[in-house]
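All remarks here apply to the structure that follows.
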Amino acid sequence: MICGESGERSFSAFIRKGILMAILEVNNIGKQFESTKVLDDVSFSLEEGNALAIIGSSGSGKTTLLRCLNFLETPDRGSIIVKGETLFDASKPVKEQGKDLRTKRLHFGMVFQSFNLFPQYTALENVTLSEKLLAKERPDFKQNKKDIYVQIEQHGVELLDQMGLADRKTHYPHQLSGGQQQRVAIARALALKPDILCFDEPTSALDPELTGEVLKVIRGLADQKTTMIIVTHEMAFARDVSDQLIFMDDGVIVEQGDPRQVIDHPREERTKQFLTRYAQG
């Protein structure tokens, strides 16, 4: 369920009335780099267990939106609420400490266009690294370090198995195909059990024959009701897998709604033009 295109409604009001159960509320987000508006009054919500696909041309603001959600960029305006907790409110600026920022980022697992794996670590080490670093902040870490690391590695093996990579856990990134590397990156993002898994064009760096294996994994996550935001250029995939779809252009949400409705019967002229250009290759 989503708001109107103007983005003027407050999702908090709907939640208080029990009308909408959103795990994520993005309200009136704006972001500007010097004189260029990259995001302008972007608002939407996402229900737990749903997948949201975001489509649009290069430069439409899709990646910047994900970076704002993951606190890699700071919005100039608006608010971000997860599970009823306000993680960001531009009207109430605060100085973020390193630990506080890390805690906020834990709500979002990011899978980038490039795989961003550490070349000196094996697949399993890449998956477990963040979890092991966070474990050091546990009060019982010194006493239970060995057991904690065993549990983390078992979790990492389970995630690689889920990705179809149980037999590649000791392989280094250079020994893996692009599709396998991206699946390791997905396992790494899942390792910290984020509330929302975010994909930024996860197949754009892959050859066509490897794209299918990554989309199959994401489709499986959707079937498991993993809450996801997927920035993608794979229209058929977005149409068939996502629960809701947003089309962005020039930093604004032009159209949003049921994926089949938006892709098959778009209302807005800009959406029609984009889909026509896409169909023409």
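The values are calculated or read from the model by the stated rules, or taken from the named source; none is laboratory data. The structure displayed is predicted, hence computed values, not measured ones. With ideal geometry, Cβ positions are generated from the backbone for all residues, glycine too; neighbour counts draw on all protein chains shown. Heavy atoms of the whole protein, side chains included, go into the accessibility calculation; ligands, DNA and RNA do not. Shrake-Rupley method; radii C 1.70, N 1.55, O 1.52, S 1.80 Å.
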Could you grab me the full set of residues in the stretch 41-86 that are open to solvent by 10 Å² or more (accessible area, probe 1.4 Å), touching a strand residue (DSSP E or B) at 6+ places or on another chain (Cβ under 9 Å) and in a strand (DSSP E or B)? ASP41, GLU47, ARG77, GLY78, SER79, ILE81, THR86
Residue pairs qualifying under the 6 Å Cβ cut-off, at least six apart or on distinct chains, with the first in the stretch 255-281 being in a helix (DSSP H, G or I) and the second being of a type in the set (Ser, Thr, Tyr), are PRO259/SER242
Please pick out the residue among LEU197, LEU190 that is part of a strand (DSSP E or B) and either open to solvent by less than 40 Å² (accessible area, probe 1.4 Å) or out of contact with any helix residue (DSSP H, G or I) (no Cβ under 9 Å at 6 or more places or on another chain) (or both). LEU197
The stretch 101-140, residues that are in a loop (DSSP other than H, G, I, E, B), closer than 27 Å to GLU25 by Cα and either in contact with a Pro (Cβ under 7 Å, 6 or more places away or on another chain) or of a type outside the set (A, V, I, L, M, F, W, C) (or both): LEU106, HIS107, GLN113
Just one of the numbered conditions (1) at pLDDT 95 or above; (2) surrounded by fewer than 20 Cβ atoms within 10 Å (Cβ to Cβ) is not true of THR128; which one? (2)
For the stretch 202-228, which positions are buried (at least 20 other Cβ atoms within 10 Å of the Cβ) and more than 18 Å from ALA187 (Cβ to Cβ)? none
When GLU48 is run through (1) modelled with pLDDT of 95 or more; (2) in contact with a helix residue (DSSP H, G or I) (Cβ under 7 Å, 6 or more places away or on another chain), the failure sits at (2)
